[in-house]
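A short write-up of the structure that comes next.
The values are calculated or read from the model by the stated rules, or taken from the named source; none is laboratory data. Computed from a prediction, not measured in an experiment: that's the story for all the values here. All Cβ positions, even for glycine, are placed from backbone atoms using ideal geometry, and neighbour counts span all protein chains on display. Remember, those area values only see protein heavy atoms, side chains included, never the ligands or the DNA or RNA. Shrake-Rupley method; radii C 1.70, N 1.55, O 1.52, S 1.80 Å.
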Amino acid sequence: MEILNRSALELRDLLDKREISSRDIVEAYIKRIEAVEPRVNSFVTLTLEEALKDADRADEMIKNNTQTVLTGIPIALKDNMSTYHVKTTCCSKMLENYLPPFDATVVKLVKEAGMPILGKTNMDEFAMGSSTETSYFGPTKNPWNLDYVPGGSSGGSAASVAARETPFSLGSDTGGSIRQPAAFNGIVGIKPTYGLVSRYGVLPFASSLDQVGPFARNVADSAALLSVLAKHDSLETTSLKGPRPDYLNALGRDIKGLKVGVPKEFFIDGLNKEIEAAVKKALDALKALGAEIIDICLPHSDKALATYYLVATAECSSNMARFDGVRFGHRSENVKDSVTMFKHSRAEGFGPEVKRRIMLGTYALSAGYYDAYYLKALKVRRLIKEDFDQAFSQVDVIVTPTTPSTAFKFGEKVQDPVSMYLSDVFTTTANLAGIPALSMPAGLSSNNLPIGVQIFAPRLGEEIMLNAAFALEKALGSIGLPTLEV
Ligand code: GLN
């Protein structure tokens, strides 16, 4: 039976009817991984033997009728999520051989749900980047065109779903690392409300911005996976308390009367014309479904990128301090005293982008500059949040492009950090404000690369966001997935 082209929820149906087993599914995906992985390089560690054992356990659960919605459906995990005794490297030399002694909470949740884990996916080093080119293990290729980047930092997670190496993956999003690669790969990616999903055991980049979220091929699958992940976690202080809804139940509601805000600040000069046209088409589709399109202002949006790159680097410089060659990470050899050991271990273990961020962050936090940079950034962050509060007093969701351009070629931006940072111009505001946002496909460019449309919702507005996305997906139709002929 054809397995790779089915959605996760279709597979659920077939599993429950006993027409296929989880082992069949995992075997089909293993074959696919073996066929395309040498060209795509989505994974840095494969756990295929273990995945087959997980599949047998899932089949047992199904036999005993103890399955949940995603039992038996495989998943891949970004390599910054701690996995018990399975390498978790953050794609850095610093953690090249790190074997965590525990599972991150999200890993525990997918295991409890009975989802076989296929492996760990490639990423920019410590999640700092927009192309996977900063990975210590070499970049992932975009399955739509192997000359192009898959985006980042969760590029391996996104490419693995687009290449049909897995129906699902998890990523993390600090400033766009789920939504930008989702856009570049023509799939759905969600950055949940800050605190909705546990960060416990996920190696931090910028703790006040980081969130874990799902990648999937369509909105309904992503809603099902979000329901698995969204749980209060007593191990994490920023985890929100209280029950979470079943996000699948939110889908399929009429969107007549839905108020959709369109911020003019996101339709900037540098925006690719085909992306602009695709977003306009998406807005027309929502209007045809009865939504009301309303022009809004998010006046501080042009400050978001600068604010993000101060807050994120400041928190990064503090989070990276733990990698000293003593408690964690690579330790330099042949050093005679402890201070040179720290210096050499960090100089050898971190790549150039991570070092750049540590330097920027340390500078922004240093005496004399703290007020001028970090403190000012916190104040602007507040203004950005207030812009959203104001906007959401008028509208239910906000629709924008996800990225200013489609995927770019390898090498195009990696030598020019500012142009790389500009790929985050539309995504960072959601992290700064703590609100949910998703990216979904909105068409293909003339050179056959996916275009993403972004939907923001108010804090804990995942249901309304997903319902709007579900309606839009149905109206726009699918762009399909790249074939990557084998
Ligand atoms: N591309 C952004 C950066 O380099 C976002 C990274 C992320 O979300 N982890 O910081």
**Study point:** From L298, L305, residue being of a type in the set (A, V, I, L, M), within 16 Å of the ligand (Cβ to nearest atom) and either open to solvent by 20 Å² or more (accessible area, probe 1.4 Å) or over 23 Å from the mean Cα position of the chain (by Cα) (or both)
**Key:** L305
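Determine if segment 122-131 includes at least one residue that is in a loop (DSSP other than H, G, I, E, B), within 16 Å of the ligand (Cβ to nearest atom), open to solvent by less than 10 Å² (accessible area, probe 1.4 Å) and among the charged types (D, E, K, R).
Looking for residues that are in a loop (DSSP other than H, G, I, E, B), within 16 Å of the ligand (Cβ to nearest atom), open to solvent by less than 10 Å² (accessible area, probe 1.4 Å) and among the charged types (D, E, K, R), one finds at least one in segment 122-131, hence yes.
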Point to revise | The lone exception for A468 - which of (1) open to solvent by 20 Å² or more (accessible area, probe 1.4 Å); (2) in a helix (DSSP H, G or I) it fails | key: (1)
Review point. Do we find a residue being surrounded by fewer than 16 Cβ atoms within 10 Å (Cβ to Cβ) and in a helix (DSSP H, G or I) anywhere in segment 11-25?
Key: yes
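Based on this model, can you work out whether L229 counts as touching a helix residue (DSSP H, G or I) at 6+ places or on another chain (Cβ under 9 Å) and not basic (K, R)?
Values: touching a helix residue (DSSP H, G or I) at 6+ places or on another chain (Cβ under 9 Å): yes; not basic (K, R): yes.
Answer is yes for this residue.
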Revision key, fill the gap. Counting only residues in segment 312-334 that are open to solvent by 30 Å² or more (accessible area, probe 1.4 Å) and not in a helix (DSSP H, G or I), the one farthest from the ligand (Cβ to nearest atom) is identified as N334
Review point. Looking at this structure, is A58 surrounded by fewer than 24 Cβ atoms within 10 Å (Cβ to Cβ) and either within 19 Å of the chain's Cα centre (by Cα) or not basic (K, R) (or both)?
Key: no
Review point. Which is of a type outside the set (S, T, Y), out of contact with any strand residue (DSSP E or B) (no Cβ under 7 Å at 6 or more places or on another chain) and outside any loop (DSSP other than H, G, I, E, B), of K413, K376?
Key: K376
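If I go through segment 406-416 residue by residue, how many of them are open to solvent by 30 Å² or more (accessible area, probe 1.4 Å) and either within 13 Å of the ligand (Cβ to nearest atom) or under 23 Å from K273 (Cβ atoms) (or both)? Talk me through it step by step, then tell me what you get.
Residues of segment 406-416 that are open to solvent by 30 Å² or more (accessible area, probe 1.4 Å), as a first pass: 409-416.
Right, trim to either within 13 Å of the ligand (Cβ to nearest atom) or under 23 Å from K273 (Cβ atoms) (or both) and you get 409, 412-414, 416.
Adding up the residues that qualify gives 5.
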Check your understanding: Hey, Y374 hits all of (1) buried (at least 18 other Cβ atoms within 10 Å of the Cβ); (2) within 15 Å of the ligand (Cβ to nearest atom); (3) within 24 Å of T429 (Cα to Cα) but one; which does it fall short on?
Key -> (2)
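Please indicate, with yes or no, whether at least one residue in segment 392-399 is closer than 17 Å to L298 by Cβ and either within 13 Å of the ligand (Cβ to nearest atom) or open to solvent by 70 Å² or more (accessible area, probe 1.4 Å) (or both).
Filtering segment 392-399 down to residues closer than 17 Å to L298 by Cβ leaves 392-399.
Among the residues that remain, those that are also either within 13 Å of the ligand (Cβ to nearest atom) or open to solvent by 70 Å² or more (accessible area, probe 1.4 Å) (or both) are: 393-394.
So far as segment 392-399 goes, yes, one or more of its residues are closer than 17 Å to L298 by Cβ and either within 13 Å of the ligand (Cβ to nearest atom) or open to solvent by 70 Å² or more (accessible area, probe 1.4 Å) (or both).
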Revision key, fill the gap. Taking segment 435-462 and keeping only residues that are surrounded by fewer than 21 Cβ atoms within 10 Å (Cβ to Cβ) and among the small types (G, A, S), one is left with G443, S445, S446, G461
Practice item. Please tell me if S154 is in contact (Cβ under 8 Å) with a residue 60 or more places away in the chain and open to solvent by 10 Å² or more (accessible area, probe 1.4 Å). Key: no
Practice item. Check P181 against each of (1) more than 19 Å from S82 (Cα to Cα); (2) in contact (Cβ under 8 Å) with a residue 60 or more places away in the chain; (3) outside any loop (DSSP other than H, G, I, E, B) and name the one condition it does not meet. Key: (2)
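If you take the residues of segment 78-121 that are of a type in the set (D, E) and in contact with a strand residue (DSSP E or B) (Cβ under 9 Å, 6 or more places away or on another chain), which of them is nearest to the ligand (Cβ to nearest atom)? Give the derivation first.
Taking segment 78-121 and keeping what is of a type in the set (D, E), we get 79, 96, 103, 112.
From what is left, the residues that are in contact with a strand residue (DSSP E or B) (Cβ under 9 Å, 6 or more places away or on another chain) are 79, 103.
Working: D79: 13, D103: 21 Å.
In this case the residue turns out to be D79.
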Exercise for review: Would you be able to tell me the number of residues in segment 418-431 that are open to solvent by 10 Å² or more (accessible area, probe 1.4 Å), touching a residue at least 12 places away in the same chain (Cβ under 8 Å) and more than 9 Å from the ligand (Cβ to nearest atom)?
Suggested key: 2
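Of everything in segment 212-237, what is β-branched (V, I, T) and touching a Ser or Thr at 6+ places or on another chain (Cβ under 8 Å)? Give them in sequence order. Reasoning before the result, please.
Here is the first cut: in segment 212-237, the residues β-branched (V, I, T) are 212, 219, 228, 237.
Of everything in segment 212-237, those that are β-branched (V, I, T) and touching a Ser or Thr at 6+ places or on another chain (Cβ under 8 Å) turn out to be V212, V228.
Among the candidates V188, V202, V219, single out the residue that is in contact (Cβ under 8 Å) with a residue 24 or more places away in the chain, open to solvent by 10 Å² or more (accessible area, probe 1.4 Å) and closer than 22 Å to A159 by Cα.
Numbers: V188 fails: open to solvent by 10 Å² or more (accessible area, probe 1.4 Å); V219 fails: open to solvent by 10 Å² or more (accessible area, probe 1.4 Å).
So the residue among V188, V202, V219 that is in contact (Cβ under 8 Å) with a residue 24 or more places away in the chain, open to solvent by 10 Å² or more (accessible area, probe 1.4 Å) and closer than 22 Å to A159 by Cα is V202.
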Review point. If L481 passes every condition in (1) within 16 Å of the ligand (Cβ to nearest atom); (2) open to solvent by 20 Å² or more (accessible area, probe 1.4 Å) but one, which one does it miss?
Key: (1)
Review point. Of all residues in segment 335-357, how many are at pLDDT 95 or above, among the acidic types (D, E) and away from the ligand (no atom under 16 Å from the Cβ)?
Key: 1
Study note, to complete from the structure: Scanning segment 204-214 residue by residue, those part of a loop (DSSP other than H, G, I, E, B) and touching a Pro at 6+ places or on another chain (Cβ under 9 Å) turn out to be D210
